[in-house]
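Before any comments, here is the structure.
The values are calculated or read from the model by the stated rules, or taken from the named source; none is laboratory data. These numbers were taken from a predicted model, which means no experiment stands behind them. Here the Cβ positions follow ideal geometry from the backbone for every residue, glycine too, while neighbour counts run over all protein chains shown.
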Amino acid sequence: MITGNSIGFAYSRATVLDGIEITAAPGEVVGLIGPNGSGKSTLLRTLHGSLTPDTGSVLIDEAALKDLTPRDVAKQIAVVVQESDTDLPFTVQEMVLLGRTPHRRSFERHTDHDHDMVSNALAKVSAEHLSDRVFSGLSGGEKQRVLIARAIAQGASHLLLDEPTNHLDVRYQHDILNLVRDIGVSTIVVLHDLNLAARYCDRLVLLDKGRKVAEGVPGDVLAPSIVEAVYGITVERIEHAGVPQLIFAPTRATVSS
């Protein structure tokens, strides 16, 4: 389980997060949603230790994140962020093998077990055929599959993802989120697409201006009255196979006579 208690954070004097509470239980997928600038990515960064919150605390299976060594954090938390690209000529296999780094001492050779973990991870994301390809030459969807394979090979019990479907076509968006669900660990994922969040997340946390506006199952959080108030857009909601889906229309400006 990963838990954020009363997380507060500010850049200079600008408050970005104000007393945020969030929890992801084992096997649960929690979606972080909200408009641009609402604090989603900043919150995610406090949860894996890239940023230190000004107030509050982060717990990993009841252990304080601040008390863990970077190696211990890397063993327990796998992170997939948007800026994971690299121009270094790593092959896909080498890229996924990086996930085993927290389990090796400095200059220690990778074991047969490490290579088995890499092979199994690539198989799980259906990317075995990419093994010898150069990572930087892959398509966006292929890169995301490889980065998720690296997270799987890492063997962490917590997974944090920042907009993993960004810039992907429709098919790859669904493929990637299906993979995320199949991993079966405590997962928090930042998503812009509310319909994808409704379909693939067990719970949603809606942020606005650094505060938590709503939390709960998608059907509760994605009420038109809530979404319209936060996003400033007209919303019609339908149900498809038991999943709420939203149809958006611009809010008409009032014309005074």
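Quick notes on this structure:
- Output for segment 144-177, where each listed residue is within 26 Å of H113 (Cα to Cα) and more than 13 Å from the chain's Cα centre (by Cα): R145, V146, A149, R150, I152, A153, Q154, G155, A156, S157
- Residue satisfying condition, being surrounded by fewer than 19 Cβ atoms within 10 Å (Cβ to Cβ) and within 21 Å of the chain's Cα centre (by Cα), within set D132, D61, D54: D61
- Which listed residue, of L59, L32, L47, is modelled with pLDDT of 95 or more and more than 24 Å from L177 (Cα to Cα): L59
- Pairs where the first residue, in segment 105-116, is within 16 Å of A156 (Cα to Cα) and the second is in a helix (DSSP H, G or I), C-beta under 7 Å, 6+ apart: D114/L97; D114/R100
- In segment 9-19 there is at least one residue that is of a type in the set (F, W, Y), in a strand (DSSP E or B) and in contact with a strand residue (DSSP E or B) (Cβ under 9 Å, 6 or more places away or on another chain).
- Identity of the residue in segment 20-38, touching a Ser or Thr at 6+ places or on another chain (Cβ under 9 Å), outside any strand (DSSP E or B) and of a type in the set (G, A, S), that ends up farthest from V185 (Cα to Cα): A25
- G216 passes every criterion in (1) modelled with pLDDT of 95 or more; (2) in contact with a strand residue (DSSP E or B) (Cβ under 7 Å, 6 or more places away or on another chain); (3) surrounded by 14 or more Cβ atoms within 10 Å (Cβ to Cβ) apart from (3).
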